[in-house]
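**Student:** Have a look at the structure that comes next, please.
The values are calculated or read from the model by the stated rules, or taken from the named source; none is laboratory data. All values reported here derive from a predicted model rather than from experimental measurement. Glycine gets a Cβ as well: all are built from the backbone with ideal geometry, and neighbour counts include every protein chain shown.
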Amino acid sequence: MPSPGAAAYLAYLAPAAPAAVAISAPARPVDVDRRIAQAGNPACLPETLVGLSKDSSYMVRLTVVNNPTCPIQALRHLASDTDMRIRDKVANNRRCPPWLLKQLLRDQNAQVALSASNNQNLPRASRAMWQLARGER
């Protein structure tokens, strides 16, 4: 029978049973899902949608711009979003006012400008001027 010191030494050398480690796919925070649900709610207050239009999550901002009751103030903020996909959605939005579409016609991204030119709210004169500037007429 080994001495108490030797038993402790042998226990030290024996491989320890691995601790149970739960491995799971990284989940989105519940808070982001809650903000996405809120942004997609047509009954959401306009002030809330304006606040959500400044969210750091792309999906929250995308949901705001796709909300059928998205206020003009939120569209104005999203029209200068760093992500061109958000600006393109603003340019395609039926609630986008003509003055904002004129701004989007000058977007650095050609797809955003094209979407703005095809929006039914853009006055014909503005569309014609944009086409002339591009050499389409």
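**Student:** Residues being in a helix (DSSP H, G or I), at pLDDT 80 or above and not polar (S, T, N, Q): count how many of those fall in segment 119-132. Don't jump to the end; show me each part of the working.
**Tutor:** If we filter segment 119-132 for residues that are in a helix (DSSP H, G or I), which is where we start, we get 124-132.
If we keep only those that are at pLDDT 80 or above as well, we get 124-126, 128-129.
Then keep just the ones that are not polar (S, T, N, Q); that gives 124-125, 128-129.
Of the residues in that region, 4 qualify.
**Student:** Pick from segment 99-116 the residues that are touching a residue at least 24 places away in the same chain (Cβ under 8 Å) and small (G, A, S): which of them is surrounded by the fewest Cβ atoms within 10 Å (Cβ to Cβ)?
**Tutor:** Of all residues in segment 99-116, those touching a residue at least 24 places away in the same chain (Cβ under 8 Å) come to 100-105, 109, 111-112, 115-116.
From what's left, small (G, A, S): 115-116.
Numbers: S115: 22, A116: 29.
Ranking the candidates gives S115 first.
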